[in-house]
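A short worksheet on the structure shown next.
The values are calculated or read from the model by the stated rules, or taken from the named source; none is laboratory data. Please read all numbers here as calculations on a predicted model, not as lab measurements. Neighbour counts run over all protein chains shown; Cβ positions are idealised from the backbone, glycine included.
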There are 4 protein chains.
Amino acid sequence: METGRLETFADGVFAIAATLLILNVDVSCETPCDLRAQVLHAWPSYVAYAASFVTMGIIWANHHTVMNQIGRADRTFLMLTVLFLMVVAFVPFPTRLVAEHIGDPLIANERTAVAVYGITFTLTAVMFNVVWFYASRGGRLLRADADPRVVRGISRTFVVGPWVYLGLTLAALISPKVGAIGFLLFALFWVIESSVFGRDRDVQDLEQ
Amino acid sequence: METGRLETFADGVFAIAATLLILNVDVSCETPCDLRAQVLHAWPSYVAYAASFVTMGIIWANHHTVMNQIGRADRTFLMLTVLFLMVVAFVPFPTRLVAEHIGDPLIANERTAVAVYGITFTLTAVMFNVVWFYASRGGRLLRADADPRVVRGISRTFVVGPWVYLGLTLAALISPKVGAIGFLLFALFWVIESSVFGRDRDVQDLEQ
Amino acid sequence: METGRLETFADGVFAIAATLLILNVDVSCETPCDLRAQVLHAWPSYVAYAASFVTMGIIWANHHTVMNQIGRADRTFLMLTVLFLMVVAFVPFPTRLVAEHIGDPLIANERTAVAVYGITFTLTAVMFNVVWFYASRGGRLLRADADPRVVRGISRTFVVGPWVYLGLTLAALISPKVGAIGFLLFALFWVIESSVFGRDRDVQDLEQ
Amino acid sequence: METGRLETFADGVFAIAATLLILNVDVSCETPCDLRAQVLHAWPSYVAYAASFVTMGIIWANHHTVMNQIGRADRTFLMLTVLFLMVVAFVPFPTRLVAEHIGDPLIANERTAVAVYGITFTLTAVMFNVVWFYASRGGRLLRADADPRVVRGISRTFVVGPWVYLGLTLAALISPKVGAIGFLLFALFWVIESSVFGRDRDVQDLEQ
């Protein structure tokens, strides 16, 4: 099993799931209506779109880093990746829930929406761990020249992910808006952290 | 005709059709409503999403195994692949029927939904056989170094597929819920079987 | 400008536009309703799905044949390809019109739907000619080793396309159902013709 | 970080976002209705589809030209590209607003729709500049053999983009229809300009 086609399939699912998020951004405005008010009123759907798109971009980038260390694939790895992508492709649904119910007069609905959102990302992080530890445990599918420092770095970072998302989900059950802001800040943190922390590590030469 | 672009097109259709499945997962909840109850009540759409996504992942993985044994392509092979992908890309429709009608008060509607689902996957399996036997009969399009054991293994496994799906479809006509569980268990069986059975066969070296 | 990324973009648009066709296949069945009757009643949407998917598969395969003869690209070629893909990506809209209005009690609506369908495919054929003749006129962008027999064969076949689609569109204005059957038969003809006619021409070795 | 997978992801997002535009082209025509009148009446959605598809095709082509000059990537570059793609994938939303509200009896709604459209493309141009100047400033990520003339040409052209889109957005606030025509003309100008101006610069040999 070459990883080439696996990466094409994974890249396709990431790109499609991220781009489908825009279908959740909608404004219903039957004439006569005040479009300007409707567009401004839809702000939670823009925030939800941005948070999910950036988070999926980060997961995609991390998947890329992981695949760089992997030199072999077996059917189990393939099936685990399919299950991982199944959770990734699920993201547009909770994103729509959050877009539609942040600001819902019933706080219970806000809570439900953010909780489903948090559970989805917790599961994504769990499945990403399963994929990674299946491949790296005992060096099972790693490249012969995999960098042990990078491998340890991935393991150390990944193991934290599900707990952070679980924590944010629990925070969202107490206060939906705090939870929602937490998901945004965590995405932002990753963007900045990976830019600064990863600068030296990942610069690689691409010239053919 | 290179297979490279054929695989890109096929991977694209698989990835898009699988990711579009999420559009069938929907909860309509006009305010005021109880979002939590609606989200829980939509469980058949999650199950249908998972069953179809995993089944498509398996078909994609098998398509990959098949293409590894194929070294040439002609226009007939191309057109048969297009017809095969046409059935694959149809899957989101019966998945939506199942998502919406499992639990329908009219058992006749449940039966219709599961039957259309079963017929679609039976046709998928039939078309996959047509594609494979066109390519492998007399070694027509196989690679010069195709592994005869793998070729025989694919032929032996593939010929069973349509009959299993036909059987599940008939079971669904008698009892829709038994049929639906059957489709789920069959997908699960494939995930486990291919992981265990295929472990030795498919481990290949990916290092450049 | 490499053609590699151009082909990736084109393959993406073809695969997505073809797979999006399934969103037009829909059955609205609020409980209580007779799902079986609704599923059978939706037959025009299955026929429209199949006709459009197969036609797009054929156009994709022909685009592939064309790109095999092309060795250089300039910005004009790129922009003409974008305009060509714009028409290809438009196909889901007329397909939905046909799916919804074949069987419309008002024959004028049937006529409109099939006419828009026909005009779209006529434009697709026209744009494909523009792309091809821009690239091949005087050998402008052809590979140094382009096969003159294949180049002449493409030119001879392509020039017929728009006229056939224009003829079918005019037939559809007189009798929508005859026109619709004509589009189906033409797609079928291409599948069979290209399989038989193209067999010797296109068999190529894919072994690395 | 190889740019290969980054380009696959970017090409995927461009192709999907452009192809999703067709979902905004819709005609609701419950029987009995006059489909022909409805199809003609929907002209703003065809124009919006064409303008956005062509503009995205141009941005995709320019992204390609930019990536040809880039030889290395770091995490910051990756994250900036994700943010750039997030704005690109947003385009279907303002395109729908324009399709639905050009011709709105309330001119304020026309104005809002075109303004959101303009702001989105202004942001796209700004983000494209951020990506480019991050990579090219001091030659940070450029190829060793990057052509200084092409690099200067890109910088000179890109810096103008946001101001043109900002100008068109302001024009749209005064007169929505003038603004809309401006966006169309600017896309057309780019198609023609890049075809003529870019002819000598970009002809490259693709033969393997």
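Listed residues C:Thr120, C:Thr95, C:Thr112; which is more than 9 Å from chain D (Cβ to nearest Cβ), buried (at least 24 other Cβ atoms within 10 Å of the Cβ) and β-branched (Val, Ile, Thr)? Write out each step before concluding.
Working: C:Thr120 fails: buried (at least 24 other Cβ atoms within 10 Å of the Cβ); C:Thr112 fails: more than 9 Å from chain D (Cβ to nearest Cβ).
None of the others qualify; the one that does is C:Thr95.
Among the residues in segment A:138-156, are any surrounded by fewer than 17 Cβ atoms within 10 Å (Cβ to Cβ), polar (S, T, N, Q) and in a helix (DSSP H, G or I)?
Yes, segment A:138-156 contains a residue that is surrounded by fewer than 17 Cβ atoms within 10 Å (Cβ to Cβ), polar (S, T, N, Q) and in a helix (DSSP H, G or I).
Going by the conditions given, is B:Val13 within 12 Å of chain A (Cβ to nearest Cβ), more than 24 Å from B:Thr112 (Cα to Cα), in a helix (DSSP H, G or I) and under 21 Å from the mean Cα position of the chain (by Cα)?
On the way: within 12 Å of chain A (Cβ to nearest Cβ): yes; more than 24 Å from B:Thr112 (Cα to Cα): yes; in a helix (DSSP H, G or I): yes; under 21 Å from the mean Cα position of the chain (by Cα): yes.
In short, yes.
Mind listing just one residue for me: the one in segment B:21-33 that is closer than 23 Å to B:Thr95 by Cα and at the interface with chain A (Cβ under 8 Å from one of its Cβ atoms) and, of those, modelled with the lowest pLDDT? I'd like the intermediate steps shown before the answer.
Here is the first cut: in segment B:21-33, the ones closer than 23 Å to B:Thr95 by Cα are B:21-29.
Still in the running and at the interface with chain A (Cβ under 8 Å from one of its Cβ atoms): B:21-23, B:25-27, B:29.
Details: B:Leu21: 95, B:Ile22: 95, B:Leu23: 92, B:Val25: 92, B:Asp26: 87, B:Val27: 88, B:Cys29: 77.
The residue in question is B:Cys29.
Considering each of D:Ala108, D:Ala144 in turn, give the residue that is under 27 Å from D:Val27 (Cα atoms), of a type in the set (A, V, I, L, M) and out of contact with any strand residue (DSSP E or B) (no Cβ under 7 Å at 6 or more places or on another chain). Steps first, please.
Numbers: D:Ala144 fails: under 27 Å from D:Val27 (Cα atoms).
Among D:Ala108, D:Ala144, only D:Ala108 is under 27 Å from D:Val27 (Cα atoms), of a type in the set (A, V, I, L, M) and out of contact with any strand residue (DSSP E or B) (no Cβ under 7 Å at 6 or more places or on another chain).
Being among the β-branched types (Val, Ile, Thr), surrounded by fewer than 23 Cβ atoms within 10 Å (Cβ to Cβ), touching a residue at least 60 places away in the same chain (Cβ under 8 Å) and out of contact with any Phe, Trp or Tyr (no Cβ under 8 Å at 6 or more places or on another chain) is the filter here; which residues of segment D:1-53 pass it?
Of everything in segment D:1-53, those that are among the β-branched types (Val, Ile, Thr), surrounded by fewer than 23 Cβ atoms within 10 Å (Cβ to Cβ), touching a residue at least 60 places away in the same chain (Cβ under 8 Å) and out of contact with any Phe, Trp or Tyr (no Cβ under 8 Å at 6 or more places or on another chain) turn out to be D:Thr3, D:Val47.
Hey, D:Ser52 hits all of (1) at the interface with another protein chain (Cβ under 7 Å from one of its Cβ atoms); (2) modelled with pLDDT of 90 or more but one; which does it fall short on?
For D:Ser52, the failing item is (1).
For segment B:79-98, what are the residues that are under 23 Å from B:Val150 (Cβ atoms) and in contact with a Ser or Thr (Cβ under 8 Å, 6 or more places away or on another chain)?
B:Phe84, B:Val88
So that you can scan it fast, the table gives a plain yes or no per residue for (1) within 19 Å of B:Thr112 (Cα to Cα); (2) away from chain A (no Cβ under 14 Å); (3) at pLDDT 85 or above:
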residue: B:Arg140; (1), (2), (3): no, yes, yes
residue: B:Asp145; (1), (2), (3): no, yes, yes
residue: B:Val150; (1), (2), (3): no, no, yes
residue: B:Val159; (1), (2), (3): no, yes, yes
residue: B:Ala172; (1), (2), (3): yes, yes, yes
residue: B:Ile192; (1), (2), (3): no, no, no
residue: B:Phe197; (1), (2), (3): no, no, no
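Does A:Phe84 satisfy the criteria of being within 30 Å of B:Glu193 (Cα to Cα) and outside any helix (DSSP H, G or I)?
The answer is no for A:Phe84.
Only one of (1) within 7 Å of another protein chain (Cβ to nearest Cβ); (2) at pLDDT below 90 is not met by D:Thr65, so which one is it?
(1)
If you scan segment D:68-92, which residues turn out to be more than 10 Å from chain C (Cβ to nearest Cβ) and not hydrophobic (A, V, I, L, M, F, W, C)? Give the steps one after another, and end with the answer.
In the first step, residues of segment D:68-92 are kept if they are more than 10 Å from chain C (Cβ to nearest Cβ); the result is D:69-92.
Answer for segment D:68-92, where residues must be more than 10 Å from chain C (Cβ to nearest Cβ) and not hydrophobic (A, V, I, L, M, F, W, C): D:Gln69, D:Gly71, D:Arg72, D:Asp74, D:Arg75, D:Thr76, D:Thr81, D:Pro92.
For segment D:90-110, check the following and say yes or no: at least one residue is in contact with a helix residue (DSSP H, G or I) (Cβ under 7 Å, 6 or more places away or on another chain), over 28 Å from A:Cys33 (Cα atoms), of a type in the set (Gly, Ala, Ser) and part of a helix (DSSP H, G or I).
No, there is no match, as no residue in segment D:90-110 is in contact with a helix residue (DSSP H, G or I) (Cβ under 7 Å, 6 or more places away or on another chain), over 28 Å from A:Cys33 (Cα atoms), of a type in the set (Gly, Ala, Ser) and part of a helix (DSSP H, G or I).
Run C:Arg36 past the list (1) more than 22 Å from B:Thr8 (Cα to Cα); (2) more than 7 Å from every other protein chain (Cβ to nearest Cβ) and report the number of the one that doesn't hold.
(2)
Hey, C:Val178 hits all of (1) assigned to a helix (DSSP H, G or I); (2) free of Cβ contacts under 8 Å to residues at least 12 places away in the same chain; (3) within 13 Å of another protein chain (Cβ to nearest Cβ) but one; which does it fall short on?
Going through (1) assigned to a helix (DSSP H, G or I); (2) free of Cβ contacts under 8 Å to residues at least 12 places away in the same chain; (3) within 13 Å of another protein chain (Cβ to nearest Cβ) one by one, C:Val178 breaks only (3).
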